[in-house]
Amino acid sequence: MTRDRRRHGGPEHRPPPPKKAPSPPPTGRAWSNVVLVAILSSLIGICAFGYSGYVKWSLAMRVVTLHPSPTILTPNSSSPAISPELFWGSYRPQVYLGMKTRSPRSVVTGLMWLSQSGSPSLRHTCEQGDGLARYGWLMHDGVNFGVQEIKDKAFTLRTEFVKRPGGSHGGDWSWRIMGTPDDPSSSSQLVSIMFYVATDGQGSLTPRMDGRDHLDSVTGTSEELGRFTIRFPKPEGGSGGHISYNHLVTSCPGLHHITDVVRSSMRDRFNHPAAGSSGKRRYFGLDTYHPPSQPGSDHSHVIFHQVTMYLPGQIEILFESDSFTQRPGPLSGAAFTAELETHKKNMEERFREKFHLEEKGFILEQVSFAQAALSNMLGGMGYFYGSSLVRSRYNLEPVSYPPAPLYTAVPSRSFFPRGFLWDEGFHLLLVARWNPTLAWQSLAHWLDLMNADGWIPREQILGPEARSKVPAEFIVQWDENANPPTLFLTLRQLLASGTVSPQGLQFLRRAFPRLQTWYDWFNGTQAGSLPYTYRWRGRDRDTLRFLNPKTLTSGLDDYPRASHPSDDERHVDLRCWMALASEVMATISKLLGEDGQRYKESHMALTDNTLLDKLHWSERLGAYADYGNHTQNVALEWERPRLVPGQDPRSVPPPRLIRVVRKPPKLQFVSALGYVSLFPFVLQVLSPDSPKLGRLMDHVRDADRLWTPYGIRSLSKSSPLFMQRNTEHDPPYWRGPIWINLNYLLVRALHRYSQMDGPYRERAVGLYRELRINLISNLYRQYKESGFLWEQYNDQTGRGQGSHPFTGWTSLIVLVMAEEY
């Protein structure tokens, strides 16, 4: 019966369980155990929560944690006690003329001018919109002096400065500004020249008057300068010797607001004698300014001195340090002229000895062109101080990098007056030929910006003045984004002689831990999916808006890469950069007696031409190529939203240009013949007997692909993306125009292959001679016609285009002329 019930699922008969007696209440000891367990559980939970928070915090802080090794430069390395000859300088390349010290909060000086004829036009910061016919340094040795010519509408300004060492605060310096009208017979060109001095938030300034309106001098004090005096000798020139004076003493909420202060304070209620008559002529002069009330803000004290006169005319400004007690006399008048002529003669002689251009057959005007190119590079070196805004995957919002100084050249005074990591490696190739000390210092400043992981923010926008020139979307730097490690180009050049100066050895010993971390950072963050492959991080992932998503981190911006970014990509240019880095690291290791075996092994693998061909040679393209998820069948087309019946026409979004993919992508080599294809050539990864070297030389000399009478174009004419816009508002950039930095690398590579035994040696000789002449002829011609070096050059006409003056890597034309590689 019971068994049957179990089989059919019925309840099993069991006797009822006995009733349990109630549990006794817990004793005091048991209560203590319960409480203790509860407390321990809570503490463990709190600790776990706290540890989790600490891990998140430490990961978020990692991006702004500087490298743990001692900095290459000591904190006082830029002080007047250590580097008196470099303390003062024209370290404000973003203005037409300005000087400051190499210190975090320097006293700064600057020049402005205002044409009082026609529509008044105030000049201060270098702006392409000013429409100046030309401006730039004719001579600048990077240390002692500079001579600049500025061609404005209907007149020319010539600015000169000279430094004189002495005392314990960097010595004295003087300016001379000369204005001449284009029409010598005219005496109606009324111009106001303004000088200003500002404290940048620390120190004090006191005006000293000579009469009611004439500012005779300014005395001041600051932490770095002690006491000093700025004198304004009586100007020369003006119609009948008549000079009108104005001045303004005020405060300013920051150096980037100085132009606004002047514009706000100008009034046209002042009178100047009219040229050639007894009448009066009204002019705009400094009047009054009421700074905005901002409690707690750190305003700069600023004094403006305005001199108004008919051209021709000349003014001088003298800075004198009170600690310079053995001064032979004022650095003015004949003494200024004598000092300037001595420095000019010294630079001309040194330039002749360094570059031997006359011996190579260049005429005097071409030598002057090369000298101006070098001078603009040196005169474009700035000293910046401030914090970058950075982010990592662990930061919800941008955070401030630790404040730091940066001594660096800038690509363009008007458009890019700040530091760019990959540009600087090219800049220093020229700087190091002229003055290795300046190159070592810039290298040290850049490497001292490295964080604990080995990342260096690729674009340095330090301080409000620099930030005011940059669109908001480009300010924040991401810690996974690289830039080509071109500083290894400079290091290889500095080490090429086989002997390194004591200064260089000291640098290398202090820099070695940072260079190791930088090298490892690239191998960790930019590694590809296969051994010895690399992939640029930071590609734009928007596959709808861009015809080809950009790769700003590569430095080549819109150069065609795989159409659909993916983790499968491998980039041939980055692989070649790492081959260079491995070679230099092996050389430095040997020089310092360090173990460099891993660098040698990497260099051998990365220069293995068989492996290179396997990973990057596209037989279809007949050249080296990137690899990735790619299709060529893409186009930009207008998307026109349709109006739904009953919909308000005003609510319909405007048409937009979007990318249309006509054939799905697949993993393959990217068919884009151009600069990227040439990297194994230009960085000399290819052996001189490689048949691929001959194939690339064929492409270089093919006018239907890369060759032009003006240089090598960035992308082949046969490429589907040649000169194609990337968006409606994004014109082609690295898709055809000629860039001098890559042409320099190509000329240099041809020169070296022309000296190496191999089947293509004679071919390299011929290509080298042709390309070198084409580059020199076009850049010289464009400089003579336009007055500027340019960012890039048109592949059809050779005309300069893009930003100007572009006195960064375009100045490498000096090394091409000198055949210094």
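The values are calculated or read from the model by the stated rules, or taken from the named source; none is laboratory data. Small disclaimer: the values here were computed from a predicted structure and weren't measured. We place every Cβ from the backbone using ideal geometry, glycine too, and count neighbours over all the protein chains shown. When the accessible area is computed, the model is the full protein with side chains, heavy atoms only, and any ligands, DNA or RNA have been set aside. Shrake-Rupley method; radii C 1.70, N 1.55, O 1.52, S 1.80 Å.
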Full-extension gain in nm, GLU770 to GLU349, via 0.36 nm per residue minus C-alpha separation: 148.6 nm
What's the extension gain from ASP567 to LYS153 if we count 0.36 nm per residue and subtract their Cα-Cα distance? 143.6 nm
Taking loop as defined by DSSP and a crowding limit of 14 other beta carbons within 10 Å, which GluC sites (Glu not before Pro) in the range 682-775 fit? GLU728
Between GLU619 and ASP730, with labels modelled 7 Å along Cα→Cβ, what's the label distance in nm to one decimal, could you check? 3.5 nm
Determine the order of TYR532, TYR753 by accessible area, beginning with the largest, at a probe radius of 1.4 Å. TYR532, TYR753
Mind checking the dipole of the range 422-530: about its Cα centre, +1 per Lys or Arg Cβ, -1 per Asp or Glu Cβ, Debye to the nearest 20? 460 debye
I'm spelling it out carefully: the read-out is Kirkwood radius over Cα pairs in Å, the candidates are (i) 30.2; (ii) 42.3; (iii) 31.0, and one was derived from this structure. Which label? (i)
Taking H placed 1.01 Å from N in the peptide plane, check which residues at least 5 places from LEU667 or on another chain put their amide H under 5 Å from its amide H. HIS630
In square angstrom, what is the accessible area per residue of the range 772-811 with a 1.4 angstrom probe? 33 Å²
Pairing the Cα long axis of helix 333-355 with the longest principal axis of the chain, what angle in degrees results, from 0 to 90 and rounded to the nearest 10? 50 degrees
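If you filter the range 186-256 for trypsin sites (Lys or Arg not before Pro), then keep DSSP loop positions with at most 11 other Cβ within 10 Å, what is left?
Here the trypsin sites (Lys or Arg not before Pro) that fit, given the DSSP loop and packing criteria, are ARG212.
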Where only protein heavy atoms count, and the probe is 1.4 Å, what is the accessible area per residue for the range 204-283 in Å²? 50 Å²
Ignoring ligands, DNA and RNA, how do LYS151, LYS784, LYS280 rank by accessible area with a 1.4 Å probe, largest first? LYS280, LYS784, LYS151
Formal net charge of residues neighbouring VAL652 (Cβ-Cβ distance under 11 Å; K, R +1; D, E -1): +2
How large a share of the accessible area of the chain, in percent, is made up of carbon and sulfur atoms when the probe is 1.4 Å and the other protein chains stay in place? 53 percent
Quick one: angle between helix 691-701 and the longest Cα principal axis of the chain, in degrees between 0 and 90, rounded to 10, please. 40 degrees
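For the pair ASP757 and ASP698, what calculated FRET efficiency results from E = 1/(1 + (r/R0)^6), where r is the Cβ-Cβ distance and R0 = 30 Å, to the nearest 0.05?
Computed FRET efficiency for ASP698 and ASP757 comes out at 0.90.
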Everything considered on the Cα gyration tensor (a ≥ b ≥ c; rounded for a/c under 1.5, else prolate if a/b is larger than b/c, else oblate), the range 659-792 must be described as oblate
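Could you calculate the contour length gain from ARG642 to GLU365, that is, 0.36 nm times the residue separation minus the distance between their Cα atoms, to one decimal place in nm? Numbers along the way, then the final one.
Details: separation 277, 0.36 × 277 = 99.72 nm, distance 6.25 nm.
Length gained between ARG642 and GLU365: 93.5 nm.
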Using alpha-carbon coordinates, inclination of helix 597-606 to the longest axis of the chain, degrees: 90 degrees
Between ASP595 and SER278, how high is the FRET efficiency from 1/(1 + (r/R0)^6) when r is the Cβ-Cβ distance and R₀ = 60 Å? Nearest 0.05. 0.10
Rounded to the nearest 20 debye, what is the charge dipole size of the range 91-196 about its Cα centre when +1 sits on each Lys and Arg Cβ and -1 on each Asp and Glu Cβ? 420 debye
Quick one: dipole size for the chain, taken about the Cα centre, charges +1 on Lys/Arg Cβ and -1 on Asp/Glu Cβ, in debye to the nearest 20. 2900 debye
Please sort by residue number the trypsin sites (Lys or Arg not before Pro) in the range 365-449 whose DSSP state is loop and whose Cβ has at most 12 other Cβ atoms within 10 Å. ARG393
Using a cut-off of 11 Å between beta-carbons, work out the net charge of the residues near GLN796 (Lys and Arg +1, Asp and Glu -1, GLN796 not included). +2
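With a 1.4 Å probe and all protein chains kept in place, how do SER388, SER687 rank by accessible area, largest first? All intermediate terms of the calculation are to be shown ahead of the outcome.
Numbers: SER388 5, SER687 40 Å².
So the residues, ranked largest to smallest area, are SER687, SER388.
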Label-point gap, in nm, between GLN668 and THR797 - each point 7 angstrom along Cα→Cβ: 3.7 nm
Keeping every protein chain present and rolling a 1.4 Å probe, give me the accessible area per residue for the range 593-684 in Å². 56 Å²
Formal net charge of residues neighbouring HIS445 (Cβ-Cβ distance under 11 Å; K, R +1; D, E -1): -1
